[in-house]
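The values are calculated or read from the model by the stated rules, or taken from the named source; none is laboratory data. The model shown is predicted, which means the values in this text are computed figures rather than measured ones. Cβ sites come from the backbone with ideal geometry, for glycine too, and all protein chains shown count toward neighbours. Note: accessible area is taken over every heavy atom of the protein model, side chains too, but ligands, DNA and RNA are not part of it. Shrake-Rupley method; radii C 1.70, N 1.55, O 1.52, S 1.80 Å.
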Amino acid sequence: MRPFDEPVYVTRPLLPNLNEVYHELEKVWASKWLSNNGPEHQLLEQQIRQRLKVPNVCLFNNGTTALLVAVNGLGLKGEVITTPFTFPATPHSLFWNGITPVFCDIDDETMTINPDKIERSVSPRTTAILGVHVFGTPCHTGKIQEIANRHGLGIIYDAAHAFDTEVDGIGIGNFGDASMFSFHATKLFHAAEGGALTCRDADLKRRIDLLKNFGIKNEDEVLVPGINGKMNEIQAALGLVNLRHLGAERDKRKRIVAAYTKCLRHTEGIRINELPKNVRNSYQYFVIRIEEEFGISRDEVYKRLREYNVYARKYFYPLCSDYNCYRSLPSADPANLPVAQKVVSEVLCLPLYGELPIASVERICEIVRSLRR
Ligand code: T4K
């Protein structure tokens, strides 16, 4: 088989027609208002609230700042129980708030934090659980809520991958105390950079809005030590345009995921984690797991695909618990995280974005299948 002529990346951003972006930017220029809760920001916040079916949204300049502010806004301290199978931003948001991340193993099916293993990590210093809806697969929110209620803990969800995810028609941002969404260029919905927090509590929204604007209440009062987490008008304008095209992007991605699933479902040694029927897919990633029966390792598949100009990604290798900055924590001991250790050696994200032709998807599948030994 011939390699692709051009590199095929794990993703490509949705790029709307420039004229449409230009038209939206003209409004920003006319307003002479470039940041600090301008009209585009307000409109996007309202539209995201409707789209995600949540009562409150706070927009941010990126998802990481949003997470930092959520942790701070909920007044968390001491220890927070989290997953090691995630992007560095998740545990780093705790570290930057002076909190010790306590790593808990994941569930083999959902790859999210395993609720049956959370309680053994609860200590007198624990203040919250930080779950990640990894690859858009919802955490076990019901069980996590029960544990949090039993021990008086807060819950934050890192929903960076879960824009548009719903469970039984309920927007994923309604679970826990606060949820963070990322609007980075690599996300289904993006504003080049950006993010949001959602929460049910209107008082928490007010606190978050204060924290993301340096803690400024008015010209005479600064109430809390806040940060600059504000989304600017140019980001918001791009977000508003992208939101109009999201339905079409989702439809294309849905077809791509169906094509991958059809081509790879019956290949021995390849496991595809399909979502339960009651979950609306975010179509953020297409993830396969290379198991022993495939005959060659995930790392080998990853390397061989590059020879064909296909840039799949080993998200989220290495585990956060294996980073230098966290590996000395008692909870980072690999013996404490056997499922995460296994999953992180199997997972491979294949290219997924609206503009990827179905013929390319079929060719990638053919290449993958040809690697089996
Ligand atoms: N929590 C979780 C669970 C997350 O996954 C993330 C971010 C966060 C928190 C933090 O949210 P933010 O603060 O970022 O809003 C990328 C993204 O930078 C990162 O946002 C994302 N997760 C992560 C999963 O993916 P990298 O290091 O893999 O990005 P990079 O530059 O290698 O890009 C991947 C591929 O995408 C490239 O090979 C080509 C393509 N690409 C990328 C960009 C930026 C483009 O075609 N155009 C582009 O503009 O982290």
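At 1.002 mPa s and 20 °C, plugging the Kirkwood radius over alpha-carbon pairs of the chain into Stokes-Einstein gives what diffusion coefficient in µm²/s?
Working: Rh = 21.4 Å.
D = 100 µm²/s.
Once you have a ≥ b ≥ c as the square roots of the Cα gyration tensor eigenvalues for the stretch 53-187, tell me rounded if a/c is under 1.5, and otherwise prolate or oblate according to whether a/b is larger than b/c.
Details: a/c = 1.45, a/b = 1.18, b/c = 1.23.
Here the stretch 53-187 falls in the rounded category.
So how far apart, in nm, are the two label points at residue 19 and residue 299 if each is 7 Å from Cα heading toward Cβ?
Placing both labels 7 Å along Cα→Cβ, they lie 5.2 nm apart.
May I ask you to list the residues of the stretch 337-373 whose amide nitrogen lies under 16 Å from a point 7 Å from Cα along the Cα→beta-carbon direction of residue 255?
352-363
Taking the Cβ-Cβ separation of residue 266 and residue 220 as r and a Förster radius of 56 Å, what is the calculated FRET efficiency to the nearest 0.05? Intermediate results must be reported in sequence, preceding the final value.
Working: r = 68 Å, r/R0 = 1.21.
Here the calculated transfer efficiency is 0.25.
Taking R0 as 25 Å, what's the FRET efficiency between residue 311 and residue 339 from their Cβ-Cβ distance, rounded to 0.05? Write down the numbers at each step before the final one.
Details: r = 27 Å, r/R0 = 1.08.
Using R0 = 25 Å, I get an efficiency of 0.40.
Relative contact order for the chain: what is it in percent, counting Cα pairs under 8 Å that are at least 6 residues apart?
Computed over the chain, the figure is 24 percent.
Using a 1.4 Å probe on the protein heavy atoms, what percent of the accessible area of the stretch 2-132 belongs to carbon and sulfur? Each step should come with its number before you reach the end.
Values: 3360 of 6120 Å².
Carbon plus sulfur share of accessible area: 55 percent.
Cα-Cα over 21 Å: which of 205/230; 77/342; 27/252; 314/342; 254/277; 187/314? Show your work: numbers first, answer last.
Numbers: 205/230 14 Å; 77/342 31 Å; 27/252 30 Å; 314/342 13 Å; 254/277 14 Å; 187/314 17 Å.
Cα-Cα > 21 Å for 77/342; 27/252; rest within.
Please sort through the DSSP H helices of the chain and keep those with an alpha-carbon extent of at least 30 Å along the long axis and a Kyte-Doolittle average not below -1.0.
Numbers: long enough: 233-264 (43 Å, -0.17).
Long hydrophobic helices here: 233-264.
Based on the alpha-carbon set only, what is the convex hull volume of the stretch 6-105 divided per residue, in Å³? Could you put the intermediate results ahead of the total?
Values: hull volume 17.6 nm³, N = 100.
Output value, Cα hull per residue: 176 Å³.
Cut-off 18 Å, label point 7 angstrom out along Cα-to-Cβ of residue 185: give me the residues of the stretch 300-325 whose amide nitrogen falls inside.
311-313
Report the Cα centroid-to-centroid distance between the stretch 189-246 and the stretch 1-57 in angstrom, as an integer.
Each part reduced to its Cα centre gives a spacing of 15 Å.
Over the stretch 207-302, with every protein chain in place, what whole percent of the accessible area is carbon and sulfur at 1.4 Å, could you tell me?
Working: 2360 of 4770 Å².
On the stretch 207-302, the fraction of accessible area on carbon and sulfur atoms equals 49 percent.
Let's test the formula: R0 of 22 Å, r as the Cβ-Cβ distance of residue 373 and residue 109. What FRET efficiency results, to the nearest 0.05? Walk me through the intermediate numbers first.
Working: r = 26 Å, r/R0 = 1.20.
The computed FRET efficiency comes out at 0.25.
Taking the solvent-accessible surface of protein heavy atoms with a 1.4 Å probe, what is the per residue accessible area of the chain in Å²? It would help to have the intermediate numbers written out before the result.
Values: 16550 Å² over 373 residues.
Solvent-accessible surface per residue comes out at 44 Å².
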